[in-house]
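Reading through the C-alpha cells given below for one structure.
The values are calculated or read from the model by the stated rules, or taken from the named source; none is laboratory data. Predicted, not measured: the structure shown is a model, and the values here were computed from it. Cβ: placed from backbone, ideal geometry, glycine included. Neighbour counts: every protein chain shown.
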Ligand SMILES: *Cc1c(COP(=O)(O)O)cnc(C)c1O
C-alpha cells in the first residue's frame, strides 16, 4: 500500500458493517467479579469474555499480584535469557508442567507468541504444516513466519487431513489445530489426528486455549477429556488469559522440546519477560481452579442451560458442549443489530464478523462463565429471542 489518505479505507469498512469498535469499561459493577461491567454509565452483563472460571477479577489473584509487585517490582526489566527470569516464572512453569503432566512447560507473554514460537521452531522452509481451516489466526501466522508451506484441511475433518498428508510432496513437519475452536465452541477430532500425525512422523500441536481449565474430569483440558497422552500430543499450547483469568501462555512438552524453544524461538528470546506479578496471579488462579472444581462444572451447566433455552425459543444455536455458544446470524448487519438490541437490554455480546469468521458465518459469540447466574442466562435468552425473531436472520434454521 502506497502512502495515501487512509480515511476512505475506514469508510469502506464502515459501509460494509465491518468497522470494529472498542468499548471502554469504566469499572466492575460487582467487586470481585467481571460478569457485570459499568460501561458508559450503564451496567451490562458481560456474555463475551473468556473468563470461563470467573477468576479475572478474583481478589486472590489481585492480592497475589499486588504482593508480588511490592516484592519484586511491576516490570521484569529484561528478557528471560538476560535478567528478566524470576522465581515466580520458574515456580509457575513447574506448576504448569505438573498440571499438564508434561516434563516441562515454558512461559510466554501471549498465546499468539507461543504459537509463533512453536511453529517457527518445528517447521522449516521446504516443509509443510497442516492446519484445520478454522484454526486460530496465531497458528496461521506462525506458519507464515516459519516459511513452511501452509495447507489447510476442512474443519474437523481428519479423513481429509489424512488424505492431504498422504499426497504431500514436501515433508509434513507439523499438524496443528485448536483443541476447542474459539469462534465455534466445538472440538477437534484429536484421537484421529493423533493417529494420523504419528503414522506420518509429524508433530501434533494442540492449542487448547479454550479447553484448559474447563474440560476434562479435573480441568486439564481436551487432552484429559479425550484421554490422550503426551506421546499422542507431544506439543500442548495453553493460554492463561482465558479460563485462568490472568495473562500469558505456555507450551508444555518434553524437556528437549522446551530446551529447543529456549534456544531457538525468536518470540521467546527477543522480548521482555512477562512481569512476575502476572505470573504470581496465575499461580493463584491455578490453585483456585484446582481447589474449586464447581467453577468448571458451573460454566458448563450454564452453557447447557443457555443452549436448551435458546433452542426452545427458536433461536438457531450451534452444536457446542463448551462455554462458547455461537448464535449464527448470517450477515454482519443482522449480527450488529442483535448486538445493539442486547446492549440496550443490558447484555454485552459482540458480533463476530469477517475476517474473524468467513462471510456468511457472522455470529454472536456468547460465552458463559462461573460468575453468571441462572436468571441472567434466562434473561439473555428472552431478549435474544425477541431480537432474533424481529430481525429474522437470512439463515434462520
Ligand atoms: C486467544 C487465543 C490465542 C491467543 O492467546 P493470547 O494469550 O490471547 O495471545 C491463541 N489460540 C487460541 C485458540 C486462542 O483462542
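Within this structure, residue 84 fails the test of being touching a helix residue (DSSP H, G or I) at 6+ places or on another chain (Cβ under 6 Å) and either within 16 Å of the ligand (Cβ to nearest atom) or in a loop (DSSP other than H, G, I, E, B) (or both). Scanning the range 56-77 for residues that are on the phi < 0 side of the Ramachandran plot and touching a strand residue (DSSP E or B) at 6+ places or on another chain (Cβ under 9 Å) yields 56, 57, 58, 75, 76.
For the range 110-126, the candidate set comprises residues that are surrounded by fewer than 24 Cβ atoms within 10 Å (Cβ to Cβ) and not in a helix (DSSP H, G or I); within that set, the residue that is farthest from the ligand (Cβ to nearest atom) is 126.
Close contacts from the range 174-193, counting a first residue that is without any contact (Cβ under 8 Å) to a residue 12 or more places away in the chain and a second that is within 11 Å of the ligand (Cβ to nearest atom), with Cβ to Cβ under 6 Å and a gap of 6+ residues or different chains, come to none at all. With respect to residue 250, is the statement that it is part of a loop (DSSP other than H, G, I, E, B) and surrounded by 18 or more Cβ atoms within 10 Å (Cβ to Cβ) true? Against the criterion (part of a loop (DSSP other than H, G, I, E, B) and surrounded by 18 or more Cβ atoms within 10 Å (Cβ to Cβ)), residue 250 does not qualify. Residues in the range 28-48 that are part of a loop (DSSP other than H, G, I, E, B) and in contact (Cβ under 8 Å) with a residue 60 or more places away in the chain: 2 in all. Inside the range 127-142, can you point out the residues that are more than 15 Å from the ligand (Cβ to nearest atom) and either at positive phi or part of a strand (DSSP E or B) (or both)? Within the range 127-142, 128, 129, 130 meet the criteria.
Being more than 16 Å from the ligand (Cβ to nearest atom), at pLDDT 95 or above, part of a helix (DSSP H, G or I) and within 22 Å of residue 214 (Cα to Cα) holds for only one residue in 97, 63, and it is 97. Scanning the range 292-334 for residues that are crowded, with 17+ Cβ neighbours inside 10 Å and either touching a helix residue (DSSP H, G or I) at 6+ places or on another chain (Cβ under 6 Å) or at positive phi (or both) yields 302, 306, 309, 310, 315, 317, 323, 325, 329, 330, 334. Out of 277, 234, one residue alone is assigned by TED's automatic domain parsing to the domain that holds residue 110, over 22 Å from residue 102 (Cα atoms) and away from the ligand (no atom under 15 Å from the Cβ). It is 277. Of the residues making up the range 374-386, not one is without any contact (Cβ under 8 Å) to a residue 24 or more places away in the chain and within 23 Å of the chain's Cα centre (by Cα).
I'd like to check which strands (runs of 3 or more DSSP E) are fully inside the range 143-223 and have at least 3 residues that are away from the ligand (no atom under 16 Å from the Cβ).
So the answer is 149-153.
Apart from one condition, residue 1 fits all of (1) in a loop (DSSP other than H, G, I, E, B); (2) modelled with pLDDT of 95 or more; the exception is (2).
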